[in-house]
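Engineer: Have a look at this one.
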Amino acid sequence: LVLAGYILVFMALHIKISPFQSDIANNVETLCLLSLELVLLCLNFGIEDQRFFNAFISICIAIPFVVFVVAVVVCTLTWCKSEAEKGLSKYLLKGFKGMEESLME
């Protein structure tokens, strides 16, 4: 329980300070700390229904991974979109004739 209390204090400081520049990174870190807190508390109190216990622990572990994968996909799509717009604007500055010439090469 001491470790759980320490993690709660650390999580409160983390939410207040927001150590990372990116909001996504701060939110994922907070979610990971919350999941760790739930797992520690669940392990501390004896739960007799093992199926519920295993499902709960699995969900607490899987949620941060799913959020991380979604964040990576969103960042990748945003990056690809900005690169595509840069490439298209380069061709628009040259005109469509420049685009045809580069495609023929």
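Engineer: More than 14 Å from the chain's Cα centre (by Cα) and modelled with pLDDT under 85: which single residue out of Leu3, Leu13 fits that description?
Structural biologist: Leu3
Engineer: Please work out which residue is surrounded by the fewest Cβ atoms within 10 Å (Cβ to Cβ), limiting yourself to the range 7-50 and to residues that are over 23 Å from Val72 (Cα atoms) and aromatic (Phe, Trp, Tyr).
Structural biologist: Top of the filtered list is Phe45.
Engineer: Here's something else I'd like to know. Among the residues of the range 26-74, write down those that are in a helix (DSSP H, G or I) and among the aromatic types (Phe, Trp, Tyr).
Structural biologist: Taking the range 26-74 first, the residues in a helix (DSSP H, G or I) are 26-44, 50-74.
The answer is Phe52, Phe53, Phe56, Phe65, Phe68.
Engineer: I've got another one for you. With (1) within 26 Å of Val9 (Cα to Cα); (2) part of a helix (DSSP H, G or I); (3) modelled with pLDDT of 85 or more as the list, and Pro19 as the residue in question, which single condition is left unmet?
Structural biologist: Pro19 satisfies all of (1) within 26 Å of Val9 (Cα to Cα); (2) part of a helix (DSSP H, G or I); (3) modelled with pLDDT of 85 or more except (2).
Engineer: Which pairs have Cβ atoms under 8 Å, sit 6 or more apart or on different chains, and link a residue in the range 30-45 that is β-branched (Val, Ile, Thr) to one that is assigned to a helix (DSSP H, G or I)?
Structural biologist: Thr30/Met11; Thr30/His14; Thr30/Ile15; Val39/Ile57; Val39/Cys60; Val39/Ile61
Engineer: Going by the conditions given, is Ala4 in contact with a helix residue (DSSP H, G or I) (Cβ under 9 Å, 6 or more places away or on another chain), open to solvent by less than 50 Å² (accessible area, probe 1.4 Å) and farther than 24 Å from Val70 by Cα? Don't jump to the end; show me each part of the working.
Structural biologist: On the way: in contact with a helix residue (DSSP H, G or I) (Cβ under 9 Å, 6 or more places away or on another chain): yes; open to solvent by less than 50 Å² (accessible area, probe 1.4 Å): yes; farther than 24 Å from Val70 by Cα: yes.
Spelling it out, Ala4 is indeed in contact with a helix residue (DSSP H, G or I) (Cβ under 9 Å, 6 or more places away or on another chain), open to solvent by less than 50 Å² (accessible area, probe 1.4 Å) and farther than 24 Å from Val70 by Cα.
Engineer: Would a scan of the range 17-33 turn up a residue that is in contact with a Leu (Cβ under 8 Å, 6 or more places away or on another chain) and of a type outside the set (Ser, Thr, Tyr)?
Structural biologist: no
The values are calculated or read from the model by the stated rules, or taken from the named source; none is laboratory data. Since the structure is predicted, the reported quantities are computational estimates derived from the model, not experimental observations. All Cβ positions, glycine included, derive from the backbone under ideal geometry; neighbour counts span all protein chains shown. Please note that ligands, DNA and RNA were not included when accessible areas were found on the heavy atoms of the full protein model with its side chains. Shrake-Rupley method; radii C 1.70, N 1.55, O 1.52, S 1.80 Å.
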